[in-house]
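What follows is one structure encoded as C-alpha cells, with my remarks underneath.
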Amino acid sequence: MSWSPDEELVILTTGQETIIMMTKNFEPITEFAIHQDDFGEGKFITVGWGKKETQFHGSEGKQAAQRKDIKPAAQWDDRRPRVTWRGDGQLFAVSAVCPNTGARKVRVWNRECVLQATSEPIDGLEHPLSWKPSGSLMASTQRHPNKHSVVFLEKNGLLHGEFTLPLRKDQAKVKELLWNNDSTVLAIWLEDLTAGEDGLQLWTVANYHWYLKQSLDFGTDPSHAPECMCWDPERPLRLHMATRGWIYLAYDWGWTTERSPGTDASDHANVAVIDGDKILVTTFRQSIVPPPMCSFELQLSSPVNQVTFLCQPERTNQLAALTANGNITTYDQDCADPSLEDWRDSSGCSVNFPVPCTQMALCSAAILASWLTLATCPSSTCLRHLSLQLASNVSSFVVCDDFLVVTTHSHTCRCLQLSKLSLKALQAALAQDGGQNDETLRRVERGSRVVTVVPQDTRVVLQMPRGNLETVHHRALVLAQLRQWLDDLRFREAFECMRKLRINLNLIYDHNPKVFLENTHTFLTQLNSINNINLFLTELREEDTTSSMYPRPGGCPQLQQPPHASGCKKVDVVCDAIRKTMEDTDPNKFCLSILTAHVKKSIPELEIALQKVHELRGDGGVNAEEALKYLLFLVNVNDLYEHSLGTYDFDLVLMVAEKSQKDPKEYLPFLNMLKSLEVNYQRYTIDKHLRRYCKALVHLSNSGDEHFPEVLQLVKEQKLYSQALRLYSADGAHYKALSRAYAKHLLEQQQAEQAGLMLWRCGELDSALQAFATGASWRNAVCVAQQIPLSNDRLSLLARELAGKLSGQRRYTEAAMLLDQYAKDCEEAISTLISGAAWEEALRLIHMYDRADITETDLKPALVEAQTFLVETQAAAFSRHRSRLALVRQHKEDKARRMGVLDEDGPDCVDAELYSEASSVMSASKYSHSNSRVSSRSSKNRRKAERKELSLKEGNPKEEKALMYALGEIITKEIQALLKALVLFRFDKQADELRLVFQEALHAMEEAIPEVWSQETHSSHAPLTGPDSTANSIMASFQQQQASLTSQQGQQDSASILVKLPHKRHTHTHTHTHTHTMSVCVSKTNLTLLDTKNKIFPPFLNIKFNWFIHITLKKHFWGSLVFHAFIFVMK
C-alpha cells in the first residue's frame, strides 16, 4: 500500500498481481493487472537506422548484440511489488517480478492509471525502489557478478547512471532506499548477510560524484535493529526510526565544512571531504581543485563519520578522523614522513568511542567554544551569539583572522571586520543591503557556500551548487591587507597586489598622504622598476579614492588632511615629490620617470621635459632618442611639436619633428623662414602661430617702432588693450594711439563713462566730452567742458542736453541742478523738480528766485493731480489684479481636476522654471524650459523675454505668476513729502482723503496676503534652497526660522533675519546690480529697516509701518538660482 504525496489517492497491490486505486476514503476507483504486454504510451519509435546487432555496444563488444538470458530475482527477494510516487503525485511506479522471466520490471503509470512506460530488462535488478522527490530519477539496486550498485532509471524506463556500494560480493542486501524531501540525501538501509547486522548509509552527490558521508552500524542485538524508518516531511535532514525493541530514534544531521583553523602563514588552508573510507584533503594555499579531486587522499580501514583539525597555533595542519567503528585516527602533514596513526592516550592504548558522538572538537588543552554558532532553523539558517540572533539568512560562515565571512540566501558574500564592530553594529551590518561602494558586500552565484579563507591572504574559496569551486578575492579582505601593507611601508607587496586585482593605484597615496610623502625614497627603492613607477604616475587622479571608491571602515581613525587640501593639487604634489626624490637619487636611472612626472602634472611641463631630453647625452643611461620616443608615447606628437617650437630652440624642434610622422616639406620651409627673421620678430611669429598672444605682444613691442601698426592691429584683434598700455610710456604717441583705440572699443561695448576717462587721461578732451555726454556722466562732462574751456552758450546747451537725458532716466533732481547752475534757467529747473515729485526742493527754488507765480501755475495743480492719481489707481489696481488672480487659479484647478492632477507640483506646473535645469523630470511642460538657453541672449533680448514672461495679457500661460508679481509691485511712492505739501498749501480735504484711501488699501493688502501667497501650496518641511524649492517654500522656511528664533528668545517680541536686497540702477545701456545685506527687525507693530553697510534707510521717528515680504527666484544666465527679496513698506 502506498499513499500519494497529496494523500488523495492510495495504491494497493494484491496477491492476484493486480493494482487497486482508491480514494482517501478507501472508495475503489479502478483495478488493473500489474503485468501488461504493452510498453505504454511512451513507446519508442524505430526510424530504421540499423539493427541492434550492428550498433556500438561499448566495452562489452559484440557479445552484447547476442540475446542474453535474464536471471531471475535473488533468493532473498520477497517477490512482493514495490510502489513509489513521484513528488508531484502525477506518476507512480511499480516494481514487480515478471512471471515469464522471474526478474523484476518497473512500470510507470500516471494518475489516471494509464501505463506510460516499461523498463528495459535489467539483469540483477532488486526490489528496493524510490522515486526522487524532485521527479528526475528513480533509484533502485542492481547486483552484478562482481559488484553491487545503486542504479537510476528515468520515467521512460531507461537506465541513467549508477554508483557502486562499498560491499563485497554477497556481503549484504539492500532492504530499502529512502530519499529525503529535498532530494539531497539518499539513505540506504542494509542488512549484513554474514553477521546479521543492520546498517544505514547516507549518500550525497556533488559534481557528478557520489559520496558516502555517514555509516551507522546498529550491532548484533536484534532489539537495536531498525524495524522501519522514514525522512521527516518538513525538515530535510531529520530521519525518524523505530527499532524492534520498541525504541523511537530521531537523527538530525547538518552540513559543515571541515577546515583548518590556522591564522598564520604556516597553515595550508586545508579542507577535508569525507568519501566513505577515504578523506579527500585539499590544501588551498597551494592549489584550488574541486572535489572529488584533491591534493591527496587518506585511506582508512572503515568508513569515516567525522573529521576535525587541531586548534593549536602552528599545528593546525594536523587532523583527526572518527570512523564508523569508533576508532580515532590522526594525521600530521608537517611530519617528515606523514602517515595515519591511531590516536593513543598517555598509557599507549587506542582511543575510541563506544557510543556514537554528535559533535567532536580537537583542542590542545581544553575545549574552546566559539562565540559564533551556526544554528539550523526550520525555515532558514541563523547566525547566533548565545541566545541573540545576529542574522536569519546565513547559508555558511567562516571566521578567519579578524574577519567574519558569510554567504546568505540572498546570494551575497559579506566580509566583516570583527575588531571594528560591536555586537549591535555586527547585527546591523548583516541586516543591511549595502551601498554602491560597500566593500563588505559581494554578489555571488545562487546557492554558493564558503569553503575556506586562506589565512594571511585575500582568497575566499566558494563552492557552487553543482560542486565546482570558485576563488574570489573579496574586496574587504583585499583592502584590509593593502591598508596593513601600506601602514607597514611594504609598498612593493601592495603595488603587486593592486596591479593583479585591478585596484586603483591612487590608494597608495590616498591611504596616508603624509606618510607617503615622507617615504617616497622607500617607495622608489621597493618598486625598483621604471615601468612600475611610470604606471603609478600615469594613473594619478585628483579624486580621493578613500572617499569615493574605497571608503574607510567605520572604525578607522580619520587621518590628517593631505597637504594638497590647502590649494595645491594632489597630482602636482605627488609628481613633484617623487620627481625630486628621483633627481636626488639617480637622475640618469629614473630619467623616463622624471619625464613622466613633468608630463603628468595638471598643467603639463612639456617645455621642461623637452629641455631635459635635449640635454641628455646617453652617458650610462637613456639617450635623447629613447627619451624622446618615450615622450611621444605620452604626449600627442602635434602638441609636443608646438611646445618644442615654443622653446625657440630649433635644434629641439628638428629633433621632435624627425621622430614624428610629419613630412619635411611641411615644417622645413617654415623653420627656415623663422631663422631668417630678427630675434624678437621671430619669437613674435612663433608665439602668434602658437596663439600665445600676450607673449607675442611683448616680443612685437620690442621689435621696433616700425612694427607698431602690427602691434595696434594685434591689440584690436585680441583685445589686449590693458597689456599693451603697460608696455609703453604714458607720454608717448604710441600710448595715446592705444588709448584712443581702447576708448573706441569701450564705446562699442556701451561703456561710455570708462571710454571718456581713457580719452580724458590721454588729453583727448573733445572726444572725452562727447563720451561723457553719451553716458550721461554729467559731472565729468562739466569738468571736461570747463577744462577745454567752453563758452557760456555752449556750456548752457550742454547742460540742457544732459538734463534731458537725466530726466529720461528719472533723475530729476540732478537734471534740475544742471538747469539751475549751468543753464541758468530756474523756471525749467523748478518744472523738472515738480515733474519728479521733488516738492520740497521745488519749493526751495521757488522762494530762492522769488517766483511765487510758479506756485499757483505749476506746483499746486501738480499736487492735486498727484493726489488724485494715487487715490484713483492704487487700490483699484490691487483689487482688479486680486480678482483676476482668483479667477485664474480657479480655472487652473478646474483644468487640473479634469486631467486627474491632484496638485500643481507636477510636470505641468507653470512655475516649473523655478526648479533647477538639472531636474528634467519636473520640466515636462513646454513652458518650463523656455529660458534654458538664456545665456546666449543679448541683454536686450533678455529684458524682452522677462517683460513677455510678466505680461498681464489674459490667456498668458504664466499669467498667474505675472499677477502675483504685479500685486507685489503695487507699492506706494513716497507719500510723506506729498502729505506735507498738501497740508502746507491747505489742501486738508485732499490730504485726509489720501490718508483714508491708503489706510483702506493697506488693510486690503494685509488681508490678501494669505490668499495671494497661499500657505497650502508649500510644505512645512520645504527646504530653504535647492532645485525643488519654490517662492512659497522659501517664504515658509524664513517664517520657520523666525518662529524658531522667537521661541529661543523667550518673551521677547522681536526677531531678526538676514536677507539680500538687490538694488538696481537702470541706465539706457545696461543694468548694474548691487547687493546689500539688510537686517530686517520684525516686531508686532512696526518694521525698522537698518542697512548694515551704507545706512541707506534712515529710521523715521513715530511712524508705524504695515509690511509684507515677497520673495521670487530668478534664473540668471549662468544657471544659478538667486534670491530677490522685495520689502514693501507703507505708511
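Check the range 843-861 and report whether any residue there is on the phi > 0 side of the Ramachandran plot, without any contact (Cβ under 8 Å) to a residue 12 or more places away in the chain and out of contact with any Gly (no Cβ under 8 Å at 6 or more places or on another chain). Scanning the range 843-861 turns up at least one residue that is on the phi > 0 side of the Ramachandran plot, without any contact (Cβ under 8 Å) to a residue 12 or more places away in the chain and out of contact with any Gly (no Cβ under 8 Å at 6 or more places or on another chain). Can you tell me which residue in the range 291-301 is nearest to the chain's Cα centre (by Cα), limited to those that are in a loop (DSSP other than H, G, I, E, B) and surrounded by fewer than 16 Cβ atoms within 10 Å (Cβ to Cβ)? Out of the qualifying residues, it is M293. Just one of the listed residues (A803, A829, A799, A816) is in contact with an Asp or Glu (Cβ under 6 Å, 6 or more places away or on another chain) and either in a helix (DSSP H, G or I) or modelled with pLDDT of 90 or more (or both), namely A829. Taking (1) in a strand (DSSP E or B); (2) within 30 Å of P72 (Cβ to Cβ); (3) open to solvent by 50 Å² or more (accessible area, probe 1.4 Å) in turn, V205 satisfies each apart from (2).
To keep it simple, each residue is scored yes or no on (1) within 22 Å of L9 (Cβ to Cβ); (2) part of a strand (DSSP E or B).
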| position | (1), (2) |
| --- | --- |
| D78 | no, no |
| T84 | yes, yes |
| P99 | no, no |
| C113 | yes, no |
| E126 | no, yes |
| S140 | no, yes |
| V151 | no, yes |
| G161 | no, yes |
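Considering each residue of the range 685-696 in turn, none proves to be in a helix (DSSP H, G or I), aromatic (F, W, Y) and within 22 Å of H598 (Cβ to Cβ).
Restricting L640, L654, L677 to those that are out of contact with any strand residue (DSSP E or B) (no Cβ under 8 Å at 6 or more places or on another chain) and either within 26 Å of K589 (Cβ to Cβ) or open to solvent by less than 30 Å² (accessible area, probe 1.4 Å) (or both) reduces the list to L640. Total residues in the range 661-716 satisfying the condition of being out of contact with any Lys or Arg (no Cβ under 7 Å at 6 or more places or on another chain) and either in contact (Cβ under 8 Å) with a residue 40 or more places away in the chain or among the hydroxyl-bearing types (S, T, Y) (or both): the figure is 12. Taken over the range 466-501, the residue count meeting the criterion of being over 11 Å from Q526 (Cβ atoms) and either in the same structural domain as V405 (by the TED database) or surrounded by 16 or more Cβ atoms within 10 Å (Cβ to Cβ) (or both) is 21. Filtering A876, A862 for residues that are closer than 30 Å to D992 by Cβ, among the hydrophobic types (A, V, I, L, M, F, W, C), modelled with pLDDT of 85 or more and in the same structural domain as D988 (by the TED database) leaves a single hit, A862.
Yes/no matrix, rows are residues, columns are (1) crowded, with 21+ Cβ neighbours inside 10 Å; (2) touching a His at 6+ places or on another chain (Cβ under 8 Å); (3) more than 20 Å from A74 (Cα to Cα); (4) among the charged types (D, E, K, R):
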residue: A117; (1), (2), (3), (4): yes, no, yes, no
residue: E126; (1), (2), (3), (4): yes, no, no, yes
residue: A139; (1), (2), (3), (4): yes, no, no, no
residue: H160; (1), (2), (3), (4): no, no, yes, no
residue: W179; (1), (2), (3), (4): yes, no, yes, no
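The values are calculated or read from the model by the stated rules, or taken from the named source; none is laboratory data. These figures come from a predicted structure and were not determined experimentally. Using ideal geometry, Cβ is built from the backbone for each residue, glycine included, and neighbour counts are taken over all protein chains shown. Areas reflect the complete protein model, heavy atoms only, side chains present, ligands, DNA and RNA absent. Shrake-Rupley method; radii C 1.70, N 1.55, O 1.52, S 1.80 Å.
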